[in-house]
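The values are calculated or read from the model by the stated rules, or taken from the named source; none is laboratory data. Model, not experiment: these values are computed from the prediction. Ideal geometry is used to build each Cβ from the backbone, glycine not excepted, and the neighbour counts take in all protein chains shown.
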Amino acid sequence: MYIVYAQGVYRHTINGVFSTLELAKKAALKEALKEYDGYHHFVVAEAKLDEYVDDIEPLFSVSSECRVIDRSVPYNRKPLSRQICMYNTENKAIEILLHMTQDMEA
C-alpha cells in the first residue's frame, strides 16, 4: 500500500491510500497542483498491510518549484510559471513532472 501525505515543517493531512505506486504518484501530483506556493511536499510512502512499524518510510515527494511571480500585480497567488517536481528522500529534484504556465492554469 502507498500513502500520500502533506509535509511542511510538520506532517499534515493524509491525502489518500493507494494500491499502486502509479496511483499514489498521480494523487501527489494532483495535490501539488492545488498549491501555488510550494510550501508542502506531498510525500509518497510505502506501508505493508498487517505489519507493525514505528513509522512509514518515504519513497519520494512531489511539490511546486521554480515559481516565477509577477510582482507588478499585488496579491496574485498564481505564478507566471512553475514546475511540479519529484524529489528524492534527500529533497533533491530528480524529475520534472509538469511545467505549468499561468495561461494553462486559467
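Scanning the range 48-67 for residues that are of a type in the set (Val, Ile, Thr) and over 15 Å from Ala32 (Cβ atoms), which turns out surrounded by the fewest Cβ atoms within 10 Å (Cβ to Cβ)?
The extreme case among them is Val53.
Can you name the strands (runs of 3 or more DSSP E) wholly within the range 45-106 that have at least 2 residues being modelled with pLDDT of 70 or more and acidic (Asp, Glu)? So that I can check it myself, show each step before the final result.
Values: elements: 57-68, 81-87, 93-101.
Here the list reads 57-68.
Residue count for the range 21-44 under the criterion of being surrounded by 11 or more Cβ atoms within 10 Å (Cβ to Cβ), under 30 Å from Gln102 (Cβ atoms) and modelled with pLDDT of 90 or more: the result is 15.
Scanning the range 4-20 for residues that are of a type outside the set (Phe, Trp, Tyr) and within 13 Å of Val62 (Cα to Cα), we see that the one that is surrounded by the most Cβ atoms within 10 Å (Cβ to Cβ) is Val4.
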